[in-house]
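Working notes, structure below.
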Amino acid sequence: MDKRAIIQGYLPQHIEPQETARAFAPSNIALCKYWGKRDANLNLPINPSLSVGLGKLGTETRLSPFDDPQDRVSLNGEAVDPSSAFALKLIAFLDLFRPAGSPRLAIDTHNNIPTAAGLASSASGFAALMKAINELYRLNLPVEVLSAFARMGSGSASRSLYDGFVEWRMGVREDGMDSHGVPLEATWPELRVGLLTVTEAEKPVGSRAGMARTVKSAHLYQSWPLQAATDLEQLHQAIAERDFERLGSTAEQNALSMHATMIASWPPLLYWQPESVAAMHRIWRLREEGLALYFTMDAGPNIKLLFEADSQAAVCQAFPELQVVTPFGSA
Ligand code: PMV
């Protein structure tokens, strides 16, 4: 289905832009990953996923109309080449909502996540942009509609419309409007996410191409939807019971299962660098020694550690370079 046609059905007849609009959205880390699309145009997933938001770490986007023949994009205060893939993607998304004849925009995006951590992701970027568009054009759309629309920019962005734990329901509708984030009420103040930048090397294959390759070429992918469904259930139980071992072990097994399907693709897709594997061994050794420490990984070489507040000192001693995030509340 056509994105624009779906979106048009939700927009008001008359749109009067605000002077400027500003919005923030948190980054998120999936504990049960999204990997594989059933509709590549609408970013509809083959499996549901579940994430935890990174609180104050994310993207702030400001939109300001101005008189110019061209939109202007900046990232962290620096002008972005309008013909770059980054600028073109943002502008194409904006154009899905921009009323005919309305002014060009300055799109200023700030990520407060270290870019090197491989986390300055499209998730918080598209979620913040979607919220800013909603403000600028006074669309007054409900949050689940914003989530479904942000999903069209980047799948994982559907989860960045909310804080805390979020399930992205895969939905069944052809237009995908039931495929959006749903926040869980639960909080977990002791939960910590540690961002470990093992290497700043650029990832050679993005998640869109990586998913397509896996779905097309890996027989092992057949078992992924079942793995994800089982893990989703386990995570819901772990969160309801505040059972950290269950949460951590499920998230780690889920990430490794996703990576197994990537490795089994052709040509093979291995995002790990030697430093990633070294970090995994260090985590497993610490766990054997009694530390409740687990990890998860996305489509890149860097690792996200999962632990609780009472392990923080020991974890930081083992990984002095770690950036610790408190998803629920400040610390
Ligand atoms: O939303 P995308 O297209 O950047 O894909 C995200 C894919 C993973 O990060 C690997 C998994 C996830 O659920 O976030």
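Mind checking whether some residue in the stretch 203-210 is in the same structural domain as Ser311 (by TED's automatic domain parsing), within 14 Å of the ligand (Cβ to nearest atom) and at pLDDT 95 or above? Scanning the stretch 203-210 turns up at least one residue that is in the same structural domain as Ser311 (by TED's automatic domain parsing), within 14 Å of the ligand (Cβ to nearest atom) and at pLDDT 95 or above.
Under 14 Å from the mean Cα position of the chain (by Cα) and on the phi > 0 side of the Ramachandran plot: is that true of Gly164 in this structure? So Gly164 passes the test. For the stretch 39-90, what are the residues that are within 16 Å of the ligand (Cβ to nearest atom), closer than 19 Å to Leu136 by Cβ and of a type in the set (Ser, Thr, Tyr)? The answer is Thr59, and nothing else.
Please go through the stretch 137-173 and give me each residue that is among the acidic types (Asp, Glu) and assigned to a strand (DSSP E or B), ordered by number.
First pass over the stretch 137-173, keeping only residues among the acidic types (Asp, Glu): 144, 163, 167.
Answer for the stretch 137-173, where residues must be among the acidic types (Asp, Glu) and assigned to a strand (DSSP E or B): just Glu167.
Considering Phe93, Phe149, Phe97, which residue is within 16 Å of Gln8 (Cα to Cα), surrounded by fewer than 24 Cβ atoms within 10 Å (Cβ to Cβ), in contact (Cβ under 8 Å) with a residue 40 or more places away in the chain and within 16 Å of the ligand (Cβ to nearest atom)? Before you say what the answer is, go through the steps one by one.
Details: Phe149 fails: surrounded by fewer than 24 Cβ atoms within 10 Å (Cβ to Cβ); Phe97 fails: within 16 Å of the ligand (Cβ to nearest atom).
Residue meeting the stated conditions: Phe93.
When the test is whether a residue is at pLDDT 95 or above and either farther than 23 Å from Lys33 by Cα or surrounded by fewer than 19 Cβ atoms within 10 Å (Cβ to Cβ) (or both), Ala279 does not pass it.
Of the residues making up the stretch 29-38, those that are buried (at least 24 other Cβ atoms within 10 Å of the Cβ) and more than 7 Å from the ligand (Cβ to nearest atom) are Ile29, Leu31, Cys32. Selection over the stretch 270-300 of residues that are touching a helix residue (DSSP H, G or I) at 6+ places or on another chain (Cβ under 6 Å) and farther than 20 Å from Thr250 by Cα gives a count of 1.
The values are calculated or read from the model by the stated rules, or taken from the named source; none is laboratory data. Please read all numbers here as calculations on a predicted model, not as lab measurements. FYI the Cβ positions are ideal-geometry reconstructions off the backbone, even for glycines, and counts take in every protein chain you see.
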